[in-house]
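Novice: Mind looking over this structure? Questions follow.
The values are calculated or read from the model by the stated rules, or taken from the named source; none is laboratory data. Nothing here was measured: the structure is a model prediction, and the numbers come from that model. Note that each Cβ is placed from the backbone with ideal geometry, even for glycine, and that neighbours are counted across all protein chains shown.
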Amino acid sequence: MEIINDFCGPQIELGPSVIALGTFDGLHLGHCDVIKAARAYADKHNYKLLAFTFSNHPLSEIKPEAVPAKLISNKEKENLFAKLGVDILVNIPFTHYFSQLSPDEFLEKLKIFSFKCLVVGENYSYGFLGKGDTKTLMQSGQEDKFDVIVRKLIQIKGTVVSSSKIRELIKNGEIALANEMLGRAYTISGTVVSGANRGGCLGFPTANIEFSDADLIVPAKGVYAAKVLMSDIEHLGMANIGYNPTFGDIDKKRLEINIFDFIDDIYGKEITVRLMHYIRGERKFNSPAELCEQIQKDKDIISAYFSEKEK
């Protein structure tokens, strides 16, 4: 997959293309549906598939105080686009210049990619103040002789799949439903750093993760069933997100992961934690012994959860 990060830089001669348009700020099921529909059109007509999106949320230029936390890092975003079969990814900054383009001017800019078809979700908007929508897009398609495919929004359990809804679910600890809407497990990547070693003293050594992307949304405090990816090998474990109130740690949220049946030294290594299921909220215990007893219960519950999933 070719990646264009600078709209003003040298462009790729790609011939006729189909473009999937969207913010794609979560690459959830709805976003993936748009990409897959574009891929199918590209295959049918032997065109290149191009995804056009922004590396920052448009609100960062329009209303910075309202920018939502990210659901996905740019690195993970690029990897997922490649897996979805995108040939060329235009992942550029949303700037003041772009915010001022009218709907027609925006479409005019896209013509350098020789597109024959645009694919969007039914809530797609574009141009200055979002004045362009699917109706204006279809009108432009009729006038300028290009196809427009509008995909219906996907619903799960009666709720429209959206990035804002997924953020709400993650913040509330409803990670299983968030994962269902994402179409994959919500992940947090980071470097393993040294901690207070309390987990090791309690018999449950933990890897402390330093978040690689500070703008990524942080899930609800508590204990989670998790999968840990290291060097392309997946391990089971239990993750804790919180402040360690039993020990009076209230400075900042942290992620700790106890990897089952694992004793290797991984300090300084990059790992990916996939949150699978919310077990319980954060609690303050009266003593380390009481905490240790609860951790064992958590581990038993998580082990049973993974065993059930394997059936």
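Novice: Do you know which of the residues in segment 43-70 that are of a type in the set (A, V, I, L, M) and touching a residue at least 60 places away in the same chain (Cβ under 8 Å) is surrounded by the most Cβ atoms within 10 Å (Cβ to Cβ)?
Specialist: Taking segment 43-70 and keeping what is of a type in the set (A, V, I, L, M), we get 49-51, 59, 62, 66-67, 69.
Now drop any that are not touching a residue at least 60 places away in the same chain (Cβ under 8 Å), which leaves 50, 69.
Details: L50: 25, A69: 14.
Going through the qualifying residues, I end up with L50.
Novice: Filter segment 92-113 for residues that are in a loop (DSSP other than H, G, I, E, B) and in contact with a Phe, Trp or Tyr (Cβ under 7 Å, 6 or more places away or on another chain); which is farthest from A42 (Cα to Cα)? Lay out the reasoning, then the answer.
Specialist: As a first pass, look at segment 92-113 and keep what is in a loop (DSSP other than H, G, I, E, B): 93-95, 100-102.
Subsequent filtering for residues that are in contact with a Phe, Trp or Tyr (Cβ under 7 Å, 6 or more places away or on another chain) retains 93-94, 100-102.
Details: P93: 26, F94: 26, Q100: 30, L101: 27, S102: 27 Å.
Ranking the candidates gives Q100 first.
Novice: Is it fair to say L110 is modelled with pLDDT of 90 or more and either within 19 Å of the chain's Cα centre (by Cα) or not assigned by TED's automatic domain parsing to the domain that holds S17 (or both)? Outline the logic, then answer.
Specialist: On the way: modelled with pLDDT of 90 or more: yes; either within 19 Å of the chain's Cα centre (by Cα) or not assigned by TED's automatic domain parsing to the domain that holds S17 (or both): no.
When the stated conditions are applied, L110 does not pass them.
Novice: Can you spot a residue in segment 71-91 that is out of contact with any Ser or Thr (no Cβ under 7 Å at 6 or more places or on another chain), under 30 Å from N46 (Cβ atoms) and without any contact (Cβ under 8 Å) to a residue 12 or more places away in the chain?
Specialist: Checking segment 71-91: at least one residue is out of contact with any Ser or Thr (no Cβ under 7 Å at 6 or more places or on another chain), under 30 Å from N46 (Cβ atoms) and without any contact (Cβ under 8 Å) to a residue 12 or more places away in the chain.
Novice: Got a sec? Which of K44, K116 is in a helix (DSSP H, G or I) and either touching an Asp or Glu at 6+ places or on another chain (Cβ under 8 Å) or of a type outside the set (A, V, I, L, M, F, W, C) (or both)? So that I can check it myself, show each step before the final result.
Specialist: Details: K116 fails: in a helix (DSSP H, G or I).
After ruling out the rest, the residue left standing is K44.
Novice: A further question follows. If S73 satisfies all but one of (1) touching a helix residue (DSSP H, G or I) at 6+ places or on another chain (Cβ under 6 Å); (2) of a type outside the set (F, W, Y); (3) at pLDDT below 95, what's the number of the condition it fails?
Specialist: (1)
Novice: Okay, next question. Can you spot a residue in segment 82-100 that is in the same structural domain as L27 (by TED's automatic domain parsing), more than 28 Å from D213 (Cα to Cα) and not hydrophobic (A, V, I, L, M, F, W, C)?
Specialist: For segment 82-100, residues in the same structural domain as L27 (by TED's automatic domain parsing), more than 28 Å from D213 (Cα to Cα) and not hydrophobic (A, V, I, L, M, F, W, C): present.
Novice: Could you pull out the residue among I301, I279 that is at pLDDT 95 or above, more than 20 Å from G190 (Cβ to Cβ) and touching a helix residue (DSSP H, G or I) at 6+ places or on another chain (Cβ under 6 Å)?
Specialist: Details: I301 fails: touching a helix residue (DSSP H, G or I) at 6+ places or on another chain (Cβ under 6 Å).
None of the others qualify; the one that does is I279.
Novice: Please count how many residues of segment 252-311 are loosely packed, with under 15 Cβ neighbours inside 10 Å and of a type in the set (V, I, T).
Specialist: So the answer is 1.
Novice: Could you run through segment 1-40 and say how many residues are among the aliphatic types (A, V, I, L, M), assigned to a loop (DSSP other than H, G, I, E, B) and modelled with pLDDT of 90 or more? Full working, then the answer.
Specialist: Our first condition is that a residue be among the aliphatic types (A, V, I, L, M); within segment 1-40, this holds for 1, 3-4, 12, 14, 18-21, 27, 29, 34-35, 37-38, 40.
Filter once more, keeping what is assigned to a loop (DSSP other than H, G, I, E, B): 1, 12, 14, 27.
Restricting the remaining residues to those that are modelled with pLDDT of 90 or more gives 1, 27.
Of the residues in segment 1-40, 2 are among the aliphatic types (A, V, I, L, M), assigned to a loop (DSSP other than H, G, I, E, B) and modelled with pLDDT of 90 or more.
Novice: Quick check on segment 129-136. Is at least one of its residues over 23 Å from the mean Cα position of the chain (by Cα), without any contact (Cβ under 8 Å) to a residue 24 or more places away in the chain and surrounded by 15 or more Cβ atoms within 10 Å (Cβ to Cβ)?
Specialist: yes
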